[in-house]
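Report on the structure given below.
The values are calculated or read from the model by the stated rules, or taken from the named source; none is laboratory data. Everything numeric in this text was worked out from a predicted model, so none of it was measured. Every residue, glycine as well, gets a Cβ built from its backbone with ideal geometry; the counts of neighbours run over all protein chains shown.
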């Protein structure tokens with residue numbers, strides 16, 4: 001039997017259920033990746049994301065070659081290209097791991113229908129999450145809408161099932177399954193219509209495992225505090241690997257729990273706090289699958305203040321936010337980090353999102369789309385869920401009256417301005433006392449710091465206290481309508 005393994009957002013060999021099943025069941029195996037032409041043309045994702053994906057694919061192609069398997073790739077409409085490949089190579093079955101985005105669900109259903117008409121079987125597997133939406137439900141089978149309830153049931157299922165990983169068969173067994181096809185070099189980012197960039201986080205399965213090993217051997221045991229400090233190495237930086245599947249969620253959870261048996265200082269609280277982030281990721285996947293309307297609008301219609309009307313002022317403020325020129329250093333550092341690296345520290349993501357929505361009163365969808373076009377770890381479910389949380393329209397929303405004060409957040413989590421100075425070099429000589437609100441510097445202090453406000457670094461685009469009060473007043477008006 002000849003099988004095609006259709007790789008998608010699962011660019012690895014370790015704990016890869018579709019690949020493992022194909023190697024177990026088929027006499028011949030053909031790995032395939034299809035570049036989604038409509039998605040490439042839409043530029044819904046940016047160059048950082050595309051270059052990271054290409055790096056992951058290059059390593060995957062090399063790893064498969066070591067097993068004697070030549071990865072094939074196509075470019076076009078995915079359903080058409082997979083079908084064409086299956087017919088050309090006379091495949092008996094096509095294997096893939098499931099995806100839960102609404103567009104992907106429709107694509108996969110169409111794929112199954114088209115293959116079935118040609119007499120070609122399909123086999124699909126759970127991979128992107130530890131538990132799919134139907135596995136973690138409420139008492140009456142309904143999708144859960146509160147994270148706390150979801151988390152409790154997620155852990156109950158984990159302890160009941162104790163999920164195991166899919167081991168890769170011995171290389172000599174896989175080599176005998178190779179089909180005589182030539183391996184073709186992957187396209188470049190430029191050929192796909194994107195700028196060539198060197199990913200800020202190294203792509204590929206090997207790096208994912210090295211990063212996980214580094215994290216569980218140290219930073220995870222300081223995670224509850226370390227994750228909030230953007231200048232320190234306190235977060236795992238594994239989100240791009242989870243996004244493209246160079247690391248499986250099951251392996252990540254097992255590694256975190258196993259770290260509790262290490263010699264030396266360990267912290268159960270910190271480890272569980274990190275696993276909570278993985279569970280949040282799965283919760284947002286469940287929300288997306290059960291409530292697909294969130295792609296185009298709020299999860300729930302709540303009385304939130306109206307966004308600023310379209311026009312020159314709105315465009316000016318949005319451009320300042322995008323470029324990292326708001327006059328609020330922690331916001332500007334975050335946006336510049338995103339623009340330069342394709343990544344942003346999680347605490348800073350919340351700060352810049354709150355600032356856009358509640359200080360500038362710009363719709364959360366604009367921020368969500370900007371993040372999707374620039375993030376290395378651009379993931380629809382997580383990005384949408386987090387933006388809706390900040391906008392107070394999501395499942396577990398940040399209360400509407402909670403508005404992050406950028407200066408206070410900066411003082412608390414980057415007290416010496418180390419992170420700010422890294423991404424806002426205009427402020428490198430500003431004292432730690434003024435780094436969080438440089439517009440308060442006297443003319444003499446500006447002269448000493450070689451930073452004139454309004455010339456070398458912008459004045460604040462809004463007054464936070466006034467913007468905060470305006471947002472709250474508008475919220476009260478909406479609530480009384």
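The figures follow:
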| quantity | calculated |
| --- | --- |
| For residue 131: the one exception among (1) over 21 Å from residue 379 (Cβ atoms); (2) in contact with a helix residue (DSSP H, G or I) (Cβ under 7 Å, 6 or more places away or on another chain); (3) modelled with pLDDT of 95 or more | (1) |
| Residue that is nearest to residue 142 (Cα to Cα), among those in region 283-303 that are in contact with a helix residue (DSSP H, G or I) (Cβ under 6 Å, 6 or more places away or on another chain) and in a loop (DSSP other than H, G, I, E, B) | 299 |
| Selection within region 53-102 - surrounded by fewer than 19 Cβ atoms within 10 Å (Cβ to Cβ), free of Cβ contacts under 8 Å to residues at least 40 places away in the same chain and over 24 Å from residue 247 (Cβ atoms) | 80, 84, 87, 88 |
| Residues being in a helix (DSSP H, G or I), surrounded by fewer than 18 Cβ atoms within 10 Å (Cβ to Cβ) and touching a helix residue (DSSP H, G or I) at 6+ places or on another chain (Cβ under 8 Å) - total across region 256-276 | 7 |
| Count of region 423-438 residues which are touching a residue at least 24 places away in the same chain (Cβ under 8 Å) and touching a helix residue (DSSP H, G or I) at 6+ places or on another chain (Cβ under 7 Å) | 7 |
| Qualifying residue in region 202-215 (condition: more than 30 Å from residue 35 (Cα to Cα) and crowded, with 22+ Cβ neighbours inside 10 Å) | yes |
| Scan of region 313-341 for residues that are closer than 21 Å to residue 440 by Cβ and either in contact with a strand residue (DSSP E or B) (Cβ under 8 Å, 6 or more places away or on another chain) or free of Cβ contacts under 8 Å to residues at least 12 places away in the same chain (or both), ordered by number | 327 |
| Selection from region 11-43 of residues that are assigned to a loop (DSSP other than H, G, I, E, B), over 11 Å from residue 95 (Cβ atoms) and out of contact with any helix residue (DSSP H, G or I) (no Cβ under 6 Å at 6 or more places or on another chain) | 14, 27, 43 |
| Candidate set: region 148-177, residues that are at pLDDT below 95 and surrounded by 17 or more Cβ atoms within 10 Å (Cβ to Cβ); chosen: the one farthest from residue 137 (Cα to Cα) | 177 |
| Verdict on residue 137 being surrounded by 14 or more Cβ atoms within 10 Å (Cβ to Cβ) and outside any loop (DSSP other than H, G, I, E, B) | no |
| Scope region 26-37; condition modelled with pLDDT of 95 or more and out of contact with any strand residue (DSSP E or B) (no Cβ under 6 Å at 6 or more places or on another chain); matching residues | 36 |
